[in-house]
Structure formats: structure tokens, C-alpha cells
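Working notes, beginning with the structure itself.
The values are calculated or read from the model by the stated rules, or taken from the named source; none is laboratory data. Keep in mind that this is a model prediction, so the values were computed, not measured. Counting neighbours? That spans all protein chains shown, and the Cβs are built from the backbone with ideal geometry, glycine included. Please note that ligands, DNA and RNA were not included when accessible areas were found on the heavy atoms of the full protein model with its side chains. Shrake-Rupley method; radii C 1.70, N 1.55, O 1.52, S 1.80 Å.
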Amino acid sequence: MATNKRRIRIGTRGSALAQWQTNHVRQLLQTASPGLRVDVEIITTKGDHILDKPLPLVGGKGLFTAELEQALRSGAIDFAVHSLKDLPTEMTPGLIIGAVTQRVNVADVLISRDGHTLKTLPDNAIIGTSSRRRAGQLKHYNSSWKIGDIRGNVDTRIRKALDTDGDYDAIILAHAGVERLNRLDVVSDVLPLDVMLPAPGQGALGIQCRDEADSLNILAAINDRDTSLTTTAERAFLNSLGGGCAVPIAAYGHIEDDILHLRGRINSLDGISQIESEDSVSLQEPNDNLALARRLGEQLAENILKQGASEILEALL
């Protein structure tokens, strides 16, 4: 069957951001393969149902992805679109990341009803985030700050942040999600990477599919080479440390002059301990650069463990 006559079903969560991301991928696919029919299926995940508990306490890998993966395996959908930072590093058997789209801004942003920046937030300020990665780095920057758990989609969190009678002096969100929903007007500060390193894969979309040649051929047209390499290194770093959403692990890779640079960081929950390391590798065609990127992430994890990261990880168990 010709590619341009095939019907593709994409699964997505129902939030405004998830649907934006899926429609973006849909447009990329239809531009790359004119005539391709792309239908969207809304799927509710466990993370969408449970909104009254902190994310780390809800538990389990794939909090926002398991139901999408089940739909893929059953054949109910052909592709699933994820924020790559939410996708577990251990793939479900038979599934694969078929493409990673071009990355947008990887930074985190501060939203404050009083217009505070990171430098003007007062001591003992209450900052809303459900991410232990963000919490650990914030506490490292200012140990007096208090972390308040916050759940809900991006619009809900922004509304809570701007509420004059709300519980938070500020909240932290990913620049990418705020940008995609055209809400950058509420951002009071973009956090520098020296203070707030992003989650592995932040700012990129991962399209998951069954490990089948036809699907992989369709998705190859929208895969961004540099983003695929940098996020592969970041996710290998995370995987080698055994981390997930419950572990304060951050990483950022970038390519400059065909050299892949990777920076990784791990924090204790109280922010007292912060361990960071950097490494790089030269990308050489036609070598398997994905393998090089993966090994770079593994090596960085080995380096950071030698510096004492194992003690932080053990304390979280």
C-alpha cells in the first residue's frame, strides 16, 4: 500500500497541551507525506485521573504513557505522541521511539502573580512544582524556599499561580509547554541552566510506534537528527542512574561543531547536595552516532556516580 494512501491513528492525552503537540505532529506528517490521512484518538491516562496526590507518590513508571502504550500494542492506534520528558527510558517490548521532533527552548520558567524573578523572590517563598528535579535545584539555590506540590494541566497551574488569594508565590513550568499554548505573557523569569538544568528530553516530542518497518519509514521523515542525538544521550544518562520522575536528575545535551556535549546533575531533595558532571564526544559519520550518544550518557552516569551520586540515590529508596 502506498504511504500517501495509508490511514494513521495517533493517540494522545486530552489536555490542551497534549492535543497541541499531537496536531503539530499531525501537520508534520501530512507535510512530509501529502495525502496521508491522520486521525486522532483521545486516551485518558492514570496521571489524568489522579489529581489529588503529588506525582512521586502516585507512583510507577509511565504515569502518563501506559494507556497509550497499551493502545499501541493492541493496534487501536499506530502512533503515540509524548512529551519526551514523560516517556520512560525503558521501552515496552515491541515498541520503539520512531521519531523525535525538533526541540524548542529547554529552559524552565517562573510564573509569579507579583512579577517576581528568581533573584527577587523573598526568603520563605512558597514555590509550586510537582517535580523533584525542580524542587532539589530550587532548594540548592535558596534553602529557605518552601516547595508546594501543584497538579493540573498548564492552564490550571497558571491560574493557581496568578490567583491573588492563592497558595503560591510562584510556580515553575517548562518553557516549551507555556510557549506552545501561547502563554509566554505570564512568564516573569526564564531560569538559567546554571540554576535549573532541564529534565532529560525536555522541549522535545517523542513519537512512539510498534517496531515495524512501515511505521518507522513514515516517521523517519519528521525525525530531527540533532534532537534525537542529544535526547538519546540525556535519556541514557537517566536510565543508567535508574531515575524517573521521583528522582531529582537533570541533563542537557547540545551539539556544536559536530561535538555532542552533555551536562548532567543530581540533587538531594533538600538541595544540600548537588553533583554535576560534563562530557563530550565527537560525532563522526557514517558511524552509529546514536550508539555514541548512548554511550556518552552512560559514561556521564558512571562519572557522576563516582562523585557520590549513589549516596543521593540510596537516600531516595
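Which number in (1) assigned to a loop (DSSP other than H, G, I, E, B); (2) touching a residue at least 24 places away in the same chain (Cβ under 8 Å) marks the one condition that residue 182 misses?
The number of the failed condition is (2).
Could you please find all residues in segment 70-89 being open to solvent by 20 Å² or more (accessible area, probe 1.4 Å), in contact with a Gly (Cβ under 9 Å, 6 or more places away or on another chain) and of a type outside the set (Ser, Thr, Tyr)? Break it down stepwise before answering.
Here is the first cut: in segment 70-89, the ones open to solvent by 20 Å² or more (accessible area, probe 1.4 Å) are 70, 73-76, 83, 85-86, 88-89.
Keeping just the survivors that are in contact with a Gly (Cβ under 9 Å, 6 or more places away or on another chain) gives 73, 76, 83, 85-86, 88-89.
Hits for segment 70-89 are 73, 76, 85, 86, 88.
Cβ-Cβ distance below 7 Å, separation of 6 or more or different chains: which pairs start in segment 194-211 with a residue that is under 15 Å from residue 91 (Cβ atoms) and free of Cβ contacts under 8 Å to residues at least 60 places away in the same chain and end on one that is part of a loop (DSSP other than H, G, I, E, B) and open to solvent by 10 Å² or more (accessible area, probe 1.4 Å)?
none
For segment 219-228, check the following and say yes or no: at least one residue is farther than 16 Å from residue 262 by Cα, modelled with pLDDT of 95 or more and in contact with a Cys (Cβ under 9 Å, 6 or more places away or on another chain).
yes
Could you tell me which of the residues 161, 135 is in contact with a strand residue (DSSP E or B) (Cβ under 7 Å, 6 or more places away or on another chain), open to solvent by less than 10 Å² (accessible area, probe 1.4 Å) and either at pLDDT 95 or above or assigned to a strand (DSSP E or B) (or both)?
Result of the check over 161, 135: 161.
Could you tell me which of the residues 228, 277, 268 is more than 30 Å from residue 117 (Cβ to Cβ) and not aromatic (Phe, Trp, Tyr)?
On the way: 277 fails: more than 30 Å from residue 117 (Cβ to Cβ); 268 fails: more than 30 Å from residue 117 (Cβ to Cβ).
Going through 228, 277, 268 in turn, just one is more than 30 Å from residue 117 (Cβ to Cβ) and not aromatic (Phe, Trp, Tyr): 228.
Which condition does residue 203 not pass, out of (1) surrounded by 24 or more Cβ atoms within 10 Å (Cβ to Cβ); (2) in a helix (DSSP H, G or I), if it passes all the others?
All conditions pass for residue 203, except number (2).
Identify, by number, the condition in (1) under 28 Å from residue 26 (Cα atoms); (2) hydroxyl-bearing (Ser, Thr, Tyr); (3) open to solvent by less than 20 Å² (accessible area, probe 1.4 Å) that residue 156 doesn't meet.
Checking residue 156 against (1) under 28 Å from residue 26 (Cα atoms); (2) hydroxyl-bearing (Ser, Thr, Tyr); (3) open to solvent by less than 20 Å² (accessible area, probe 1.4 Å), the one that fails is (3).
How about segment 226-261: which of its residues are surrounded by fewer than 23 Cβ atoms within 10 Å (Cβ to Cβ) and under 15 Å from residue 205 (Cβ atoms)?
Scanning segment 226-261 gives 226, 228.
Of all residues being surrounded by fewer than 21 Cβ atoms within 10 Å (Cβ to Cβ) and in contact (Cβ under 8 Å) with a residue 60 or more places away in the chain in segment 108-117, which is farthest from residue 192 (Cα to Cα)? Just the residue, please. Talk me through it step by step, then tell me what you get.
Of the residues in segment 108-117, the ones surrounded by fewer than 21 Cβ atoms within 10 Å (Cβ to Cβ) are 113-117.
Still in the list and also in contact (Cβ under 8 Å) with a residue 60 or more places away in the chain: 115-117.
Numbers: 115: 17, 116: 15, 117: 11 Å.
The qualifying residue farthest from residue 192 (Cα to Cα) is 115.
Do we have residue 264 as in contact (Cβ under 8 Å) with a residue 40 or more places away in the chain, open to solvent by less than 60 Å² (accessible area, probe 1.4 Å) and not in a strand (DSSP E or B) here?
Details: in contact (Cβ under 8 Å) with a residue 40 or more places away in the chain: yes; open to solvent by less than 60 Å² (accessible area, probe 1.4 Å): yes; not in a strand (DSSP E or B): no.
Taking the combined requirement at face value, the residue does not satisfy it.
Could you list, in sequence order, the residues of segment 110-132 that are under 21 Å from the mean Cα position of the chain (by Cα), outside any loop (DSSP other than H, G, I, E, B), over 13 Å from residue 189 (Cα atoms) and modelled with pLDDT of 95 or more? Steps first, answer last, please.
First, the residues of segment 110-132 that are under 21 Å from the mean Cα position of the chain (by Cα): 110-111, 127-132.
Now restrict to residues that are outside any loop (DSSP other than H, G, I, E, B): 110-111, 127-128, 132.
Filter once more, keeping what is over 13 Å from residue 189 (Cα atoms): 127-128, 132.
Result: 127, 128.
For segment 267-298, give me each residue that is acidic (Asp, Glu) and closer than 29 Å to residue 315 by Cα. Talk me through it step by step, then tell me what you get.
Step one: of segment 267-298, the residues acidic (Asp, Glu) are 270, 276, 278-279, 285, 288, 298.
270, 276, 278, 279, 298, listed by residue number.
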